[in-house]
Amino acid sequence: MPEQTRSASGSPTLREVLLKKGYIGLLLIAALVGAPVSLAAFGFVSLEHELQHWVWESLPTALGMDRAPWWWPLPALLLAGLLVAPVVTRLPGRGGHIPVDGLGGPPMPPVSVPGVVLAALACLPLGAVLGPEAPLMAMGSGLALLAVSSAKRSAQPQLSPVLGAAGSAAAISTIFGSPLVAAVMIIEAAGLGGPKLTLLILPCLLASGVGALVFTGFGNWTGLSIGALSLPSVPKTAVPDLADFVWGIPLAVVVALICVCGQSVGRRVKAYTNGDPTGSAPPPTARVTAVRTVVCAVAVGVCICAYALLTGRSPEEAALSGQLTLGALAAQPASWSIGALIALTLCKAAGWGISLGSLRGGPIFPAILIGAATGVVFGPLPGLGIAQGLAAGIAASAAAVTRLPVTSAVLAAELLGSEATDALPLVIVAAVTAFVSGELFRSLARRRSAASPDGPSPVAEAG
C-alpha cells in the first residue's frame, strides 16, 4: 500500500503525483498525442517500405534482372550518401542523433523533425544497415512537443521530457508491434522508481497504447504494410535443458563481442566524419563531413557487395534493417548454409558498424539479425538446436546493443510468439549474459585506451 504522506526525504508521494494540478491534463494530452504520432509513423514507415521495395525489387525487375545484382548496393549507397550529406551538415538537428550514440537523447525539437525524416528516407530505403526505430522516436518526441506551446514548455520544464517520452513511446510501439515493449523500454531506460516513475510511465503507456491501436487499425483499413518487426513463422522450441545453457551462454558472449566490436567501429567512424569528441583535434568543416559521409556510405555498399559475391545470394539480405531477412531466416533456417550465415554475420556487422557512425537510423534491427544469424550458426551444436540458438541470439543481440536486458527479453518473447513460453528461461539467461559481457568488453576497451600513451580514444568512450 503506497504511503499517503510526504516521505521523510521530502519527495512527493504517489497520491500527490496523481492529484497534482495539471497531471490529469497531461495524461489527456498524452492519450491524444498517441493518435497523430501513430498516423505520422504510419505514413513514414509505409513510404519507407514502398521506396525500399522500388529500389531493391521493382527497379531491378524493370531493368530486366531477376533480382538486384551484386553491384547494386554501390550506386544505391552512393546516392544515399549524396542525399544525406547536405541534411546532416545544413539542416537543424543534423538529421537526428548519430546511431552509435543510441536511440537518442533529449526530446527532439519540432524544428528538427523535417531533417530527421529526410535523413532517414535518404538512408534506409537505399540500403543503410540501420533500422527505423531511432527516427521514429525522434519524430514522435518532436511531434508530441507541438501539442503544447513553447511558452508553456518554458514555464513547466518537466513537461518537455514527459511529453517527449510519450511521443517516442507512441512511435516505437508501432514499429516493435507492441505497446508493452515500448513501455518496458521507457521504464528501464529512465532508471527511475516510485512516484517519479509513475509520473513518466502513465503518459507513455497511454500514448503507446492509443498509438498502437490507431497504427494497426489504419494499416488494416488501407491494406498497406505496417512494417512492424515480426516473425511470421518460427521454429518449434522445446523446454531448455542443460545443454541449451551450456551452448547458449557462450553464444551470448560471442554475440555481445560482435555487437560491441560493431559499435566500436561506429565510434571510430563517427570521429572520422564528425570529429574527435575528446577535442584533441579541431572538428572537420561541413564540406569535409559531407565528403566523408559519402565515402562511408560507399564503404557500406562495399560490405554488402562482398556478401553477395561470397555467397551468390541477393545483396538485399545484407542491406537495410534486416526485417525481411530475419523473417526469412526464422521461417526457413535450413535453406542457409553455415558459410552463408557466417558471411551474413560478418558483412552485415561491418556495414552496420560503418552506418552507426556516419548515416542516420536506428541501431537495433540490424543487430537482431546479426544475433539471429549467429544463433542459427550455433544451432547444430550437440544439444542446442536451431530454434534455441535463434531465440538466444535475438535476446543477446538486443541486450548487448540497447544495454536494456529486461526490454530485450520482452522483445524476444514478443517476436517468438507462441514459442516464447518454452524458450523464455534461455532467452532471459542469454539477455543477462550478453548485457554483462558487453559491459565487460567495454570496460576492458576503456582500460586499454587509458593505458595507451595516446590517451582515450572514441572506442574506449563507447557507451
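At R0 = 22 Å, how high is the FRET efficiency between Val406 and Ser230 if r is their beta carbon distance? Nearest 0.05 is fine. Efficiency for this residue pair is about 0.60. If the chain linking Arg447 and Leu381 were pulled fully straight, counting 0.36 nm for each residue of separation and taking away their Cα-Cα distance, it would gain 20.3 nm.
Taking only the alpha carbons of the stretch 43-124, we obtain Rg and Dmax values of 14.9, 47 Å in that order. Note that the stretch 287-298 has calculated 3J(HN,Hα) couplings of 5, 5, 4, 4, 5, 5, 5, 5, 4, 5, 4, 5 Hz, one per residue in order, obtained from phi through the Karplus relation 6.51 cos²θ - 1.76 cosθ + 1.60 (θ = phi - 60°); glycine and proline are x.
Each Lys or Arg adds one and each Asp or Glu takes one away; over the other residues whose Cβ falls under 13 Å from the Cβ of Ile370, this sums to 0.
Computed from the coordinates by the stated procedures, all read-outs in this text should not be read as laboratory data. Computed from a predicted structure; not experimentally measured. Positions of Cβ are generated from backbone atoms using ideal geometry, with glycine treated the same way; all protein chains shown enter the neighbour counts.
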